[in-house]
Amino acid sequence: AQTVTQSQPEMSVQEAETVTLSCTYDTSESNYYLFWYKQPPSRQMILVIRQEAYKQQNATENRFSVNFQKAAKSFSLKISDSQLGDTAMYFCAFEETSGSRLTFGEGTQLTVNP
Amino acid sequence: KAGVTQTPRYLIKTRGQQVTLSCSPISGHRSVSWYQQTPGQGLQFLFEYFSETQRNKGNFPGRFSGRQFSNSRSEMNVSTLELGDSALYLCASSKDGIYEQYFGPGTRLTVT
């Protein structure tokens, strides 16, 4: 079974600064998908960024980028120019290519301070 | 395009009762997955339905069941509610169950 670990329960960052959230996972699969989801307080889960394991290039979506290290089974999220609206719980998630089931990490509560 | 909708948004039930939650996926999406979110256990996969068939199931007791209709709308049912069933129940839809899943706002179930 796959496992996903987020070792930082809470993090804080000053507005406009850069922060990196860590995620490691364990799998015997060679191909899979990885995601970062954001869950703002009392609001619904939003997909932030996605990465296919067969792609060596790290995914980027505006201020969000990942550092995908397949051999190390590491998938960190970097948020540049942090904004107050980035305050949320961030979940790292794993999905097999056969699909249909996301395995989530424990989450990292990120607070952006003014 | 309308997002994933879930009804009701909030629900209070008594131990021993049963409850039915509803999820309407994004138009054109045929896969609906259900997740339970609690402070202690985090986000856990319940089951996934695709074209009216349960395709994948998580490690939950048989009290948790679901179904999907021909219009892809899905319901999940919990019978004989226990206090530990109090949680946020999220549904997610995707075109074919693979890759991107889009979440609804969730149903907050409180069992007293």
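Rule-based calculations on the coordinates, nothing more; no lab input. This is a predicted model, so every value here is computed, not measured. Virtual Cβ from ideal backbone geometry, glycine too; neighbours counted across all protein chains shown.
Relative contact order of chain B, please, whole-number percent, based on alpha carbon pairs below 8 angstrom and at least 6 residues apart.
37 percent
Under a point-charge model restricted to the Cβ atoms of Lys and Arg (+1) and Asp and Glu (-1), what is the dipole moment magnitude of chain A relative to its Cα centre, in debye to the nearest 20? Could you put the intermediate results ahead of the total?
On the way: 9 positive and 12 negative charges, 37 e Å.
Dipole magnitude for chain A comes out near 180 debye.
Using only Cα atoms, what is the ratio of the radius of gyration of the range B:1-82 to 2.2 N^0.38 Å? Intermediate values should be presented prior to the final figure.
Values: Rg = 12.9 Å, N = 82, 2.2 N^0.38 = 11.7 Å.
Here the Cα radius of gyration is 1.10 times the empirical estimate.
To check my understanding: the extent here is largest minus smallest coordinate of the Cα atoms along each principal axis. What are those three numbers for the range A:54-114, in Å, largest first?
Sorted from largest, the Cα extents of the range A:54-114 read 41, 24, 19 Å.
Hey, got the average number of other protein chain Cβ atoms within 10 angstrom for residues in B:55-68? Working shown, then result.
Working: counts 4, 4, 1, 2, 1, 0, 0, 0, 0, 0, 0, 0, 0, 0.
What the average comes to for B:55-68 is 1.
In whole percent, what relative contact order does chain A give with Cα contacts below 8 Å and a gap of six or more residues?
Details: 280 pairs, mean separation 43.0, N = 114.
So the answer I get is 38 percent.
Mind listing the long-range amide H neighbours of B:Asn56? Cut-off is under 5 Å, sequence gap 5 or more, other chains count too, H placed in the peptide plane at 1.01 Å from N.
It is B:Glu48, by chain and number.
Given that compact globular proteins tend to follow 2.2 N^0.38 Å, what is the ratio of the alpha-carbon Rg of the protein assembly as shown to that value? Mind dumping the intermediate values first?
Working: Rg = 17.6 Å, N = 226, 2.2 N^0.38 = 17.3 Å.
Compared with the compact-globule rule of thumb, the protein assembly as shown sits at 1.02.
Where a ≥ b ≥ c are the square roots of the eigenvalues of the C-alpha gyration tensor, would you call the range A:32-76 rounded, which needs a/c under 1.5, or, failing that, prolate if a/b is larger than b/c, or oblate? Walk me through the numbers on the way to the answer.
On the way: a/c = 2.51, a/b = 2.01, b/c = 1.24.
Here the range A:32-76 falls in the prolate category.
Are there chymotrypsin sites (Phe, Trp or Tyr not before Pro) in the range B:55-112 that DSSP marks as loop and that have at most 15 other Cβ atoms within 10 Å, and which are they? Numbers along the way, then the final one.
On the way: sites: B:Phe64, B:Phe69, B:Tyr89, B:Tyr99, B:Tyr102, B:Phe103; in loops: B:Phe69, B:Tyr99.
Within the range B:55-112, the qualifying chymotrypsin sites (Phe, Trp or Tyr not before Pro) (loop, at most 15 other Cβ atoms within 10 Å) are B:Phe69, B:Tyr99.
Which whole-Hz ³J(HN,Hα) couplings does the range B:14-29 yield from phi under the Karplus relation 6.51 cos²θ - 1.76 cosθ + 1.60, θ = phi - 60°, glycine and proline marked x?
With the stated coefficients, the range B:14-29 comes to 9, 3, x, 6, 10, 9, 10, 10, 10, 9, 10, x, 5, 4, x, 7 Hz.
For chain A, compute the orientation-averaged projected area of the C-alpha convex hull (one quarter of its surface), in nm².
Details: hull surface 27.2 nm².
Seen from a random direction, the Cα hull of chain A projects 6.8 nm² on average.
Quick one: divide the alpha-carbon radius of gyration of the range B:39-112 by 2.2 N^0.38 Å and tell me what you get. Please report the intermediate quantities before stating the final value.
Details: Rg = 12.7 Å, N = 74, 2.2 N^0.38 = 11.3 Å.
Taking N as the residue count of the range B:39-112, the ratio is 1.12.
Express in whole angstrom the spacing between the alpha-carbon centres of the range B:29-63 and the range A:33-97.
Cα centroid to Cα centroid, the span is 22 Å.
Using amide H atoms built in the peptide plane, which far-off residues or other-chain residues are under 5 Å from B:Thr5 H to H?
The answer is B:Ser24.
Under the definition of partner shielding as Cβ atoms of other protein chains within 10 Å of a residue Cβ, what is the mean value for peptide A:39-45? Please list the in-between numbers first.
Numbers: counts 6, 0, 0, 3, 2, 9, 13.
Mean partner shielding for this stretch: 5.
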